[in-house]
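Read through the structure below, which is laid out as structure tokens, and then see the notes.
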Amino acid sequence: MEAGIERILVPGWDLASSAAALELAARHAPLVKAAVGVHPHHAAQTDERAWQELESLIADPRCVAVGEIGLDFFRNLSPPDAQRAAMARQLDRAAGRGLPVLVHDREAHDEVTDLLLAWEGGLDRPARGVLHAFSGDPAMAVALTARGFLVSFALPLAFRSAAGPRAAAPLVAPGSFLVETDAPYLGPERDGRNEPTTVLRVVGELARLREAEPEAVATDVRGAFDRLVGE
């Protein structure tokens, strides 16, 4: 918090990590918030008993979002149809509790966009969610933020190879983006420590691309985060 970081949203990627995220949120409130979900890499390994236990975690009042869910057609560690079924199930559970979703999208831009644009949200609330570690293009970012979703930028935004996110960064409306570490991945160095302060570098690059002051970007991020989790 001395670095100016006021909120951290920790997602689960399977049953055990989801339970751990809830424990972290309880131990470090209000700094840490928890999300519960099954990552597409683990979709095929999640049996019906695990799904039922996961759904009980989603009902926990400490759970503020469902995630990390989504589609990953780059690594395909679970078959695509298993990924689709897991994402559909979790979108349904999120809608049932009126929760936002944290979405993993790798090499599945068109399908993820279509699924989210068709998703109704739930409990008479508009659909809410985040495209985590956004890797899409400007058209995807504009379409989804216009619907009320957020795009979240990680450190690759600072690299020229991230052409899509870099092009999208100045185009999305104020208050429609977040910043993240994706720790332990996407850190500042291959073998270095990726910690919450990494987002300060992301804010700096985002400010440069948007021709804005870092303080203004940070204010936008805080407001977007509060709206996402209903604060």
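Output yes when any residue across segment 203-216 is loosely packed, with under 14 Cβ neighbours inside 10 Å and within 23 Å of Val101 (Cα to Cα), and no when none is.
Taking every residue of segment 203-216 in turn, none turns out to be loosely packed, with under 14 Cβ neighbours inside 10 Å and within 23 Å of Val101 (Cα to Cα).
List the number of the failed condition for Thr181; all other conditions in (1) exposed (fewer than 15 other Cβ atoms within 10 Å of the Cβ); (2) under 18 Å from His104 (Cα atoms); (3) of a type in the set (Ser, Thr, Tyr) hold.
Condition (1) is where Thr181 drops out.
Only one residue in Ser161, Ser135 is under 16 Å from the mean Cα position of the chain (by Cα) and either surrounded by 16 or more Cβ atoms within 10 Å (Cβ to Cβ) or modelled with pLDDT under 95 (or both). Which one?
Ser135
Just checking, does segment 219-230 include any residue being of a type in the set (S, T, N, Q), modelled with pLDDT under 95, farther than 15 Å from Leu102 by Cβ and over 16 Å from the mean Cα position of the chain (by Cα)?
no
Which residues, taken from segment 112-151, are in contact (Cβ under 8 Å) with a residue 12 or more places away in the chain, part of a helix (DSSP H, G or I), hydrophobic (A, V, I, L, M, F, W, C) and over 23 Å from Gly223 (Cα atoms)?
Result: Val112, Leu115.
The values are calculated or read from the model by the stated rules, or taken from the named source; none is laboratory data. Because the structure is predicted, anything quoted here is derived from the model rather than measured. Every residue, glycine as well, gets a Cβ built from its backbone with ideal geometry; the counts of neighbours run over all protein chains shown.
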